[in-house]
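Student: One structure is given below, represented as structure tokens, and several questions about it will come after.
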Amino acid sequence: MNSVILKTGTRLLLALLLLLSVFLLLRGHNMPGGGFIGGLVAAAAFALYGIAFGVEAARYVLRLSPQQLIGTGLIIAIISGFFALFSNTSFLTGQWITLANLKLGTPLLFDVGVYFLVIGVVLMMIFALESA
Amino acid sequence: MSWLLVLPIIIPLVTAAVLFAFGKRTEWQKNFSFASTLFLLLTGILLLVQVAKDGILVAQMGSWRAPFGISLVADLLSAIMVLITGVMGFAIAIYARKDIGPRLEHLGFHPVYHVLLAGINGAFITGDLFNLYVWFEVLLISSFVLLTLGGNKAQLKGGVHYVLINLFSSLLFLTAIGILYGLTGTLNMADLARQLAGLPAGLVTTVAILFLIAFGVKAAVFPLFFWLPSSYHTPPMATTAIFAAMLSKVGVYALVRAFTLLFTQDPGYTHNLLAWIAALTMFTGVLGAAAQTDIRKILSFHSISQIGYMIMGLALFSSLGFIGAVFYIVHHSIVKASLFLVAGLIKREGGSFELSELGGLYKRKPLLAVLFLILAFSLAGFPPLSGFWAKLIVIRAGLEAEAYWLVAVSLVVGLLTIYSMTKIWQAVFWKPAESEPVKPVAGSLRPLYMPIAGLALVTLMIGFFAQPFYVLAESAASQLLNSQLYISSVLGDLIGAKP
Amino acid sequence: METAIILLVGVLISCGLYLMLERNLLRFIFGLILLSNGVNLLIMTAGRLTRAAPSLIPEGEYAPVAELANALPQALVLTAIVIGFGLTVFALVLILRAYERLGTTDGDELSQMIEGEDGDDTSSKFPSSQQAPDYIREPKINPPVLSQVRESKL
Amino acid sequence: MFLGVLLVFLLAFTSPFVIRILGIRYAWFLGLAAFGLTVYFASFLPAVSNGAIVTEQFAWLPSLGINLSFHLDGLSLLFALLISFVGGFIMIYAGGYLKGDQTLGQFYLILLSFMAAMLGLVLSDNLIVMFIFWELTSLTSYFLVAYKHSYESSRNSALQALLVTGSGGLAMLAGFLLLGNIAGSYQISALVAQAELIQSSNLFAPMLILVLLGALTKSAQFPFHFWLPNAMAAPTPVSAYLHSATMVKAGIYLMARLNPALGGGSLWFWLLGIAGALTVLSAGILALKQTDLKKLLAYSTLVALGMLTMLLAVGTSAAVKAAMVFLLAHSLYKAALFMAAGTIDHQTGSRDIREIAGLRKALPVTALAILLASMSLAGLPPKLGFIGKELAYEALIVQPFFLVAAVLANAAMLVVAVLVAIRPFWGRTLKAPRAVKGAPLSLYLGPIVLASLGLIFAIFPDLIELSKLPAVAAVLGKPYEFSLYLFPSSFTAALWLSIITVILGLGLYLIWPRVFALLNRISPQLDIGPAKAYALFITYLPKAAKAATKLIQGETLRRNLGVMMAFSVLLLGFTAFRYNAFANPQFSWSLNAYELFVVLLCAAGAVATVLARTKLMAVTALSVVGFSVALCFILFAAPDLAITQFMVETLLVIIVVLVMIRLPELRRERSFSFLNAVIAVGAGALITGLMLSVLNNPFNPALTQFFEAESVPGGFGRNIVNVILVDFRAIDTLGEIVVLAVAALGVMSLLRPKKEKS
């Protein structure tokens, strides 16, 4: 596809959608949203980019391979459970700190892991199907 | 303490995640994978020791108390199952080092193998019904991938069969959970057990049938076993071995859990039903084995037949019956998986899986012959190997329960089992080879022999030193019979409160 | 309203199962998707339905002030949807692969194929296409064309 | 005792290695070892003769009452002595017979294991332990019979032996377990005291039948006799051993052993008596149609076993005495005969009595041994066989039918004896396949010693009397005094019967060629016996199994799923009906117009999916279903769910389309399947009914209330659904993302090979 409008638009859209996805991820604990929904939006953004510029370009913008995204997401999610070791409680027990009126905790980190993983999964599937 | 319960799930999961993210070099993958399974084995030992010492262990994930959070529970049965997973996971990982070629490794064999182990352990150790569903799906999807990895034609054909039937059963399981949740408002198995006691027995038993079917598919009982013989012979033998060792055992475990803890409202109906299913499973399985001429298919059908014996132990609903079931599960995991591994070696040394194309391995590969002999005759229930005790206990339990027809079926099946094991033995080892032996495979096959020898040693050990194993199984059985113990261990002080 | 939804669940399950019993594997997947939608609705209904507010706790409160929708089945269904998605996609791709390698999406035809070589990881061990029976051979024609051929014959 | 058994096992497992060092001398070494064992057991003889019982016990599986307990009484001692003594000669003989065989080490491994198992069997005092050794003898004899396993006939014979004795073994196991349940103990020595309790149990009859099935199959009694002659496929040392003192005698041992506890009743009498008498008659007749030396001897073994069984059936003191003497005699002469026959075979390359003759010069010692031994076989004086037969006639005189059977069979045995002893050694030298050389010492030592022993014991019966043959007392379960003599002081009935037997036998020998021809002519028509049944079983089992499996399993996935679903529907429906589970369903119809619209839309989409003819239509209909389900979620206040459903549905549609463009168009199914529709609608209706009843029960909101209460204070989040997902039930979500990850990997690896190829 060589439409300049689409390309320019997609670049902009990628940025906007990524921003939206992060927003959905972060507000998910209090409002509808969360890692899964955020991840899907972000993946949609990259997929769109892939349609506009081709799979290779999308892979390039992504920096990490989908496989690495999946692995990283999984590791983040699991590690978030290990923070409980510090308070000598059981696996996945939430650990919270307050930073400038903002509650930050390991469940949020867990959601971040879900977010990365979902991006990786969706992209891996779509890339595989597109290039097959 | 609570971490000990998480480790059997987390160790393979972390391994899988790391292999996912960074696993490009296969040699490194292999070693990491090997080390991880070793840790898993050690954890299993530790867990079993701890449970044997302290009784049922419970951990609340996220520190949310039961029944609100998800409980991980290890009673003796769970701990034994986790240990067996460790043993088999370890042995098969060693075998897989050589058996799984670089191509499949590149496609992701190792991470998926560990996810499978995590799913299996998760299913054994969770105390929450919906969580059980999740672990079932984890082990299912990884079994799907392992089964079709490499994607050759037989695999695809078997894979379609396996995947579609199992997807159906998963949804059935989910339906059952939904209905049970609607009935009780809870998902924690101990809490469920407590609440189900106060509900109309008819409705509960009807729901129980849904679980019976859903778990029955996983356990491969009659007439729900079709996926097993259609697919088990297609992937590399390392994959089949871990399937044969653990996958259907998860189903059996789930049946045992459900029909000792949750659904004991009307054993006169449900457990009688199980007895019929057990008899038909035993018989159709062994008939299937008698009809086959491919080693892998014979072994696959045997798995079904042997699962019948385990269900028979459950159906008898007595201490001795449960002991027999536990013995059978342990024995069969070890022996059947090893036999599949042996089948893989027969293919390498003899060039085929087909009985008519094989021969002469007794002279050419005496070590393989000895290993097969020990394992096959253990499977056929010859004394003093582990299979003999398993059979003896189940039959005695049947006699004590006066289920004579069931005992008669199991005896006839025992004879047919001998028949089909000797069929392999005579064709592969005794019969002279029809054609020239295949060219020796490059490289040493010792890594393939080692795990089999180790496992054969285990079946010998269980046979010769049965007492400690029996005592362990006896305690496990007594925990299963006394479901109040499980409930109070999980729910603690809630026990007095009204549902 | 629960009754209506439950009846809908019944319809979805019936349609899903009927499709799963059809020969075409693609139809099986359609049936599967219908069935999982039905089961998801069933779980929702099992936690009792309400038209009340979503299960969000208003800003500044520590606990719900009014009746909220039951949150637990929502979480369960969410998990089930995601898992179902993963499994369905895998099954779909498997059928695609099976079609590409074996040349059929017909479940009956697929089941009746005689297996060639075993499931070794070395696919080179497959019999060469000269010896192999028709259905084991790689489809020589490109799949889409094959389907056209078949269509025109029918 | 247990140590002795273990030592033999140890010898067994080291033989493949030791034989490399010692070479052929190993055979003599093993012989000496076995004789050492004989001496060891003999040292107990004085004590045991005076009624002492030596016991040993080690705990094994005490929780089940299974212990390694051993005891040595008269019966065990008799068997132990025979096993080790005859075994010694067999070991020596095998060394000569199989000289030069590369796998001799393995042969000794199995043979010694077999010997150890036999010893364990006769020494065990625990039913289950005895059963274990019993099975071990079956197993090891399977390997012995199939020693020449490159021949299909060897393999088939071995399998036949294993399956017949194995099936009996399984029945016996069940019998033993029942017996244990009745008596409360597996301890054999404890059973005697419980005899009355056992025999009055209402499970006595089935238990006895099961136990005897084991004994009768092992001892090759009618109708299980057919495996024994086929087991001649084994090398001759094995046949000699199996037929004389071991394997087949195990069944006799078991009956004798359990006689005090289980014997005496009419069931015992009739079962054993009929089996024994029929065995004696059929084997006696069948023996006359053989020309193979080993086959001839095999049928004579069957006659002997039948005699023993009949005697045990009668069970009087006289009968038991006769049984024990006869057993001793038989063990000695049968081992000698088999070994001698093997020597002939070994030296001439043939064992067909029509092919060999005039060997007395080449094999003089063997000729003498065979002559002596077959006198015992024929029951002629002055041999122990004669005494045994006399005693047997005396004991059987109370049962005319048994007596007639015995006399007829013994007449046939006389024929066999003449055929075996005279034919190969006298007459003109026929052309033998191999030039005859003199046999080495190892080949004739055993036969001559054993055959002579029969003579010595007969001439000096005091030797046996001195030991009081304590086996008799052990079998009777009470002390018993008796005396033995070679010739009775007067013409007793038994002696007359012996004379009749001899006359009959000689007459039969004269017309033997005609009998032989007749039997061989009619035998194809008579091929309807149990052997035929076994052959049918072996031939048709795989076929029947295949047909049954095909019937059950079907061939197609659709059929499998159909069976599974039909089973589920039927079982669920039956259960629901049985419990009246749908008794009071709850209905709540209140529905807004837009809700109704969404529900109908969804249902319409589902039906449209079923009816869709094209891929595109189906996907469209499916997405209508998906999105209307999402709308449902919005209607029932589940925004997270609705968003997820929307996004997943969109993604799924994209992926379905991506996949579908590569797949062929949907073909029309042949026709509407009524059965499928019934199954599908039935399942839907059952689930609906079940849910309606479930919803009628009050809901327990405890979990949700907890989550609502704890969401903010404990989970620091206002979106309860999200808090459940990442905190309360985070481990579910962990599993869920793992599923996703593996699914993605699976998709990639499925599609990758294609990429690599192109």
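Student: Name the residue, out of C:P144, C:P64, that is at pLDDT below 85, within 11 Å of chain D (Cβ to nearest Cβ) and within 18 Å of C:N24 (Cα to Cα). Spell out how you get there, then give the answer.
Tutor: Details: C:P64 fails: within 18 Å of C:N24 (Cα to Cα).
Checking each option against the conditions leaves just C:P144.
Student: Of all the residues that make up the stretch B:399-421, how many are over 26 Å from D:L541 (Cα atoms) and more than 9 Å from chain D (Cβ to nearest Cβ)?
Tutor: Here is the first cut: in the stretch B:399-421, the residues over 26 Å from D:L541 (Cα atoms) are B:399-403.
Imposing the further condition that a residue be more than 9 Å from chain D (Cβ to nearest Cβ) reduces the set to B:401-403.
Result for the stretch B:399-421: 3.
Student: Within the stretch B:384-421, can you find the residues that are crowded, with 24+ Cβ neighbours inside 10 Å and more than 18 Å from B:M310 (Cβ to Cβ)?
Tutor: Answer for the stretch B:384-421, where residues must be crowded, with 24+ Cβ neighbours inside 10 Å and more than 18 Å from B:M310 (Cβ to Cβ): B:I418, B:S420, B:M421.
Student: Consider D:V404 against the criteria (1) β-branched (V, I, T); (2) out of contact with any Ser or Thr (no Cβ under 7 Å at 6 or more places or on another chain); (3) in contact (Cβ under 8 Å) with a residue 40 or more places away in the chain: it satisfies all of them except one. Which criterion is unmet?
Tutor: (3)
Student: Condition first: of a type in the set (S, T, Y) and more than 10 Å from every other protein chain (Cβ to nearest Cβ). Can you find one or more residues in the stretch B:383-390 that meet it? Before the answer, list the steps.
Tutor: At the first step, the residues of the stretch B:383-390 found to be of a type in the set (S, T, Y) are B:386.
Those still in the list that are more than 10 Å from every other protein chain (Cβ to nearest Cβ) too: B:386.
Yes: one or more hits.
Student: Which one of these is among the charged types (D, E, K, R) and more than 29 Å from D:F627 (Cβ to Cβ): D:E736, D:E710, D:E649?
Tutor: Values: D:E736 fails: more than 29 Å from D:F627 (Cβ to Cβ); D:E649 fails: more than 29 Å from D:F627 (Cβ to Cβ).
Just a single option satisfies the conditions, and that option is D:E710.
Student: Please note which helices (runs of 4 or more DSSP H) are completely contained in the stretch D:110-207 and include at least 2 residues that are under 26 Å from B:F429 (Cα atoms). Please lay out each step first, then the result.
Tutor: On the way: elements: D:127-145, D:152-183, D:188-191, D:195-200.
Helices (runs of 4 or more DSSP H) meeting the threshold: D:127-145, D:152-183.
Student: Suppose the filter is modelled with pLDDT of 90 or more and either at positive phi or surrounded by 15 or more Cβ atoms within 10 Å (Cβ to Cβ) (or both); does B:A433 pass it? Talk me through it step by step, then tell me what you get.
Tutor: Values: modelled with pLDDT of 90 or more: no; either at positive phi or surrounded by 15 or more Cβ atoms within 10 Å (Cβ to Cβ) (or both): yes.
Judged against the criteria, B:A433 is not a match.
Student: For the stretch D:566-604, enumerate the residues that are closer than 21 Å to D:N697 by Cβ, facing chain B (nearest Cβ under 9 Å) and touching a residue at least 24 places away in the same chain (Cβ under 8 Å).
Tutor: Once the filter is applied, which keeps residues that are closer than 21 Å to D:N697 by Cβ, facing chain B (nearest Cβ under 9 Å) and touching a residue at least 24 places away in the same chain (Cβ under 8 Å), the stretch D:566-604 yields D:L572, D:A576, D:A581, D:F582, D:A583.
Student: Residue check: is C:R51 crowded, with 22+ Cβ neighbours inside 10 Å, more than 9 Å from chain B (Cβ to nearest Cβ) and either among the basic types (K, R) or in a strand (DSSP E or B) (or both)?
Tutor: Values: crowded, with 22+ Cβ neighbours inside 10 Å: no; more than 9 Å from chain B (Cβ to nearest Cβ): yes; either among the basic types (K, R) or in a strand (DSSP E or B) (or both): yes.
In short, no.
Student: Right, something else. So D:A581 clears everything in (1) under 30 Å from B:L280 (Cα atoms); (2) at pLDDT below 85; (3) part of a helix (DSSP H, G or I); (4) aliphatic (A, V, I, L, M) except one condition, right? Which one?
Tutor: Going through the list (1) under 30 Å from B:L280 (Cα atoms); (2) at pLDDT below 85; (3) part of a helix (DSSP H, G or I); (4) aliphatic (A, V, I, L, M), D:A581 breaks only (3).
Student: Restricted to the stretch D:199-226, and to residues that are surrounded by 22 or more Cβ atoms within 10 Å (Cβ to Cβ) and of a type in the set (V, I, T), which residue is farthest from the chain's Cα centre (by Cα)?
Tutor: Only one residue tops the list, namely D:V211.
Student: Which is modelled with pLDDT of 80 or more, closer than 24 Å to D:E355 by Cβ and away from chain B (no Cβ under 14 Å), of D:L455, D:L506, D:L510, D:L441? Walk me through it before giving the result.
Tutor: On the way: D:L455 fails: closer than 24 Å to D:E355 by Cβ; D:L506 fails: closer than 24 Å to D:E355 by Cβ; D:L441 fails: closer than 24 Å to D:E355 by Cβ.
It is D:L510.
Student: How many of the residues in the stretch C:68-108 are free of Cβ contacts under 8 Å to residues at least 24 places away in the same chain and of a type in the set (D, E)?
Tutor: Residues meeting the conditions: 0.
Student: Among the numbered criteria (1) surrounded by 24 or more Cβ atoms within 10 Å (Cβ to Cβ); (2) in contact with a Ser or Thr (Cβ under 9 Å, 6 or more places away or on another chain), which one does B:A52 miss?
Tutor: Unmet for B:A52, out of (1) surrounded by 24 or more Cβ atoms within 10 Å (Cβ to Cβ); (2) in contact with a Ser or Thr (Cβ under 9 Å, 6 or more places away or on another chain): (1).
Student: Moving on. Let me confirm something: among B:L287, B:L273, B:L314, which residue is within 16 Å of B:F222 (Cα to Cα), surrounded by fewer than 22 Cβ atoms within 10 Å (Cβ to Cβ), out of contact with any strand residue (DSSP E or B) (no Cβ under 9 Å at 6 or more places or on another chain) and of a type outside the set (F, W, Y)?
Tutor: On the way: B:L287 fails: surrounded by fewer than 22 Cβ atoms within 10 Å (Cβ to Cβ); B:L314 fails: surrounded by fewer than 22 Cβ atoms within 10 Å (Cβ to Cβ).
Just a single option satisfies the conditions, and that option is B:L273.
Student: Across the stretch B:119-157, what is the total count of residues that are more than 7 Å from chain D (Cβ to nearest Cβ), within 20 Å of the chain's Cα centre (by Cα) and assigned to a helix (DSSP H, G or I)?
Tutor: So the count comes out to 15.
Student: As an exercise: evaluate D:V515 against (1) within 14 Å of chain B (Cβ to nearest Cβ); (2) in contact (Cβ under 8 Å) with a residue 24 or more places away in the chain; (3) part of a helix (DSSP H, G or I) and give the number of the one condition it does not meet.
Tutor: All conditions pass for D:V515, except number (1).
Student: Looking at the stretch B:161-257, what helices (runs of 4 or more DSSP H) fall wholly within it and have at least 1 residues that are free of Cβ contacts under 8 Å to residues at least 12 places away in the same chain and either polar (S, T, N, Q) or buried (at least 24 other Cβ atoms within 10 Å of the Cβ) (or both)?
Tutor: Working: elements: B:189-196, B:201-219, B:227-231, B:237-242, B:248-257.
Fully inside the stretch B:161-257 and qualifying: B:201-219.
Conditions (1) of a type outside the set (V, I, T); (2) touching a His at 6+ places or on another chain (Cβ under 6 Å); (3) closer than 18 Å to D:L725 by Cα, marked per residue:
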{"site": "A:V4", "(1), (2), (3)": "no, no, no"}
{"site": "A:T10", "(1), (2), (3)": "no, no, no"}
{"site": "A:G28", "(1), (2), (3)": "yes, no, yes"}
{"site": "A:I37", "(1), (2), (3)": "no, no, yes"}
{"site": "A:V41", "(1), (2), (3)": "no, no, no"}
{"site": "A:A45", "(1), (2), (3)": "yes, no, no"}
{"site": "A:L48", "(1), (2), (3)": "yes, no, no"}
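Student: If you don't mind, another one. Do you know which residues across the stretch A:38-61 are within 11 Å of another protein chain (Cβ to nearest Cβ) and under 9 Å from the mean Cα position of the chain (by Cα)?
Tutor: A:G38, A:G39, A:L40, A:V41, A:A43
Student: Within the set of pairs 6+ apart or on separate chains, which have a first residue in the stretch B:451-473 that is hydroxyl-bearing (S, T, Y), a second that is surrounded by fewer than 19 Cβ atoms within 10 Å (Cβ to Cβ), and C-beta atoms under 6 Å apart?
Tutor: Going by the 6 Å Cβ cut-off, the qualifying pairs are B:Y470/D:S63.
Student: Working only within the stretch C:67-87, note down all residues that are more than 7 Å from every other protein chain (Cβ to nearest Cβ) and surrounded by fewer than 24 Cβ atoms within 10 Å (Cβ to Cβ).
Tutor: Passing the criteria: only C:E67.
Student: Any chance you could count how many residues in the stretch B:171-188 are of a type outside the set (V, I, T) and within 7 Å of chain C (Cβ to nearest Cβ)? Lay out the reasoning, then the answer.
Tutor: So in the stretch B:171-188, the residues of a type outside the set (V, I, T) come out as B:171-174, B:176, B:178, B:180-183, B:185, B:187-188.
Next cut, within 7 Å of chain C (Cβ to nearest Cβ) only: B:171, B:174, B:178, B:181-182.
Within the stretch B:171-188, residues that are of a type outside the set (V, I, T) and within 7 Å of chain C (Cβ to nearest Cβ) number 5.
Student: Next up: So B:L274 fits all but one of (1) closer than 25 Å to B:A123 by Cα; (2) away from chain D (no Cβ under 14 Å); what number is the exception?
Tutor: With respect to (1) closer than 25 Å to B:A123 by Cα; (2) away from chain D (no Cβ under 14 Å), B:L274 is out only on (2).
Student: Give B:A16, B:A59 a once-over and let me know the one that is within 8 Å of another protein chain (Cβ to nearest Cβ), in a strand (DSSP E or B) and either within 30 Å of B:F322 (Cα to Cα) or out of contact with any Gly (no Cβ under 7 Å at 6 or more places or on another chain) (or both). Explain how you work it out, then say what you get.
Tutor: Numbers: B:A16 fails: in a strand (DSSP E or B).
Sole residue among the options that is within 8 Å of another protein chain (Cβ to nearest Cβ), in a strand (DSSP E or B) and either within 30 Å of B:F322 (Cα to Cα) or out of contact with any Gly (no Cβ under 7 Å at 6 or more places or on another chain) (or both): B:A59.
Student: Between a first residue in the stretch D:353-374 that is in contact (Cβ under 8 Å) with a residue 60 or more places away in the chain and a second residue that is β-branched (V, I, T) and surrounded by fewer than 18 Cβ atoms within 10 Å (Cβ to Cβ), which pairs have beta carbons less than 6 Å apart while being 6 or more apart in sequence or on different chains?
Tutor: Pairs found: D:I353/D:T291; D:R354/D:T291; D:G358/D:T429; D:A362/D:V436.
Student: Still on this model: For residues that are touching a strand residue (DSSP E or B) at 6+ places or on another chain (Cβ under 8 Å) and not polar (S, T, N, Q), tally how many sit in the stretch B:10-51.
Tutor: Number of matching residues: 2.
The values are calculated or read from the model by the stated rules, or taken from the named source; none is laboratory data. Nothing here was measured: the structure is a model prediction, and the numbers come from that model. Here Cβ is always computed from backbone atoms with ideal geometry, including for glycine, and neighbour counts include all displayed protein chains.
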